[in-house]
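Here, each number is a calculation from the coordinates, and none is a lab measurement. This is a predicted model, so every value here is computed, not measured. All Cβ positions, even for glycine, are placed from backbone atoms using ideal geometry, and neighbour counts span all protein chains on display.
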Amino acid sequence: MKKFLSLILIFLASKCFSQLSSASSLPQQAFSSHSFCPAEIKAFMRCYPDIDYTTTFDLEQNDWKIDMTADLFFERTKKPKGKKSASLYWAGGRLLPKEELANKENYWVLQYKYENKLRDPKSYTKEEIEQIKQFGSAENRRNAPGTPMFFFDWLYSAQSRVIIEDHIIKTTFLGRPTRIHERVYDKLKIVEKKILEKKNEPEVKAFLSNLKSADAYHWREIVQTSRKSFHAYGIAIDILPKRLNRKAIYWSWEKDKLGEDRWMLVPLEKRWMPPKEVIKIFENEGFIWGGYWAIYDNMHFEYHPELTGQSGQS
Ligand SMILES: [Zn+2]
């Protein structure tokens with residue numbers, strides 16, 4: 001019976017094309033059931049439209065296996081383009097290699113609702129304050145579940161410093177030197193162009209004249225954890241102002257100043273913020289802003305089209 005079932009599944013295993021247009025032009029019955037290439041996998045992969053992928057249901061693992069192929073660029077070294085491939089399991093939205101499936105609970109899901117609204121710390125309940133404090137504790141940051149990086153390691157060729165640096169482009173952002181991953185370069189340039197189109201608007205003008213640096217790629221681990229930060233992938237950028245005017249910008253610096261219990265309560269008006277317009281421009285190109293996090297990082301933008309719902313490549 002099992003053999004029969006697997007034969008049927010192999011026969012029916014659907015090939016999901018990453019381009020929405022190709023998917024919608026296929027006969028409807030190919031996607032008639034959510035069991036074959038579930039909508040959530042399609043929704044995720046649609047955010048990275050240049051990846052070719054095939055999904056098959058692995059009866060042994062009781063999970064969807066996703067075989068992916070993407071172009072290799074090597075923009076910086078001008079090496080010839082090639083292809084790279086990987087196979088990961090969906091694992092409820094975590095994209096894990098087979099050997100990590102048993103440790104699924106150690107990882108967060110990759111696609112969740114991006115809350116792009118500022119929460120007033122005055123509205124935090126006692127329990128929430130305790131949770132945030134716990135979340136920002138050194139112990140939690142070492143041991144708690146974290147983002148599974150397997151998909152990003154593959155997509156951005158971030159297996160090691162030597163490998164990824166072939167894919168990092170030296171450029172400028174708003175006149176400041178920076179280094180960005182070649183896959184995100186075009187997006188960052190669109191952000192820059194759109195910000196400059198608004199350079200005469202008072203808030204944007206003040207933001208631009210107060211801009212100190214725009215650091216993106218940096219090979220480092222996240223503070224107090226053993227995980228790599230998205231700066232190590234060249235897909236996160238920190239926009240630092242010259243003058244903070246005594247405002248807070250980063251939770252960990254406030255923790256050092258104010259202690260364990262008060263850093264999360266810094267009122268919104270006492271936090272440095274980029275203009276709303278600038279945040280919107282970044283979001284429209286697939287970047288999330290760290291200022292919305294309870295563990296606030298107001299200088300930080302990170303490229304995650306799967307969270308903002310943008311289609312990755314322009
Ligand atoms: Zn950052």
Original post:
Given a Förster distance of 30 angstrom, what is the FRET efficiency for residue 210 paired with residue 115, based on the Cβ-Cβ distance and rounded to 0.05?
Top reply: 0.65
Subject >> Additional length obtainable on full extension of the chain from residue 74 to residue 159, 0.36 nm per residue less Cα span >> reply: 29.1 nm
Subject >> Radius, Kirkwood style, for the range 30-161 when every pair of distinct Cα atoms is counted (Å) >> reply: 17.6 Å
Original post:
So who's got an amide H within less than 5 Å of the one on residue 94, skipping anything under 5 residues away but keeping other chains? H placed 1.01 Å off N, in plane.
Top reply: 110
Original post:
Taking the alpha-carbon centroid of each part, what is the distance from the range 163-222 to the range 47-109 in angstrom?
Top reply: 28 Å
Subject >> Histogram of C-alpha separations across the range 121-308, 5 Å bin width, % >> reply: 1, 7, 15, 19, 19, 17, 12, 7, 2, 0
Subject >> Separation of the residue 67 and residue 125 label points, Cα + 7 Å toward Cβ, nm >> reply: 4.9 nm
Subject >> Distance between modelled label sites at residue 40 and residue 135, nm, 7 Å Cα→Cβ extension >> reply: 2.0 nm
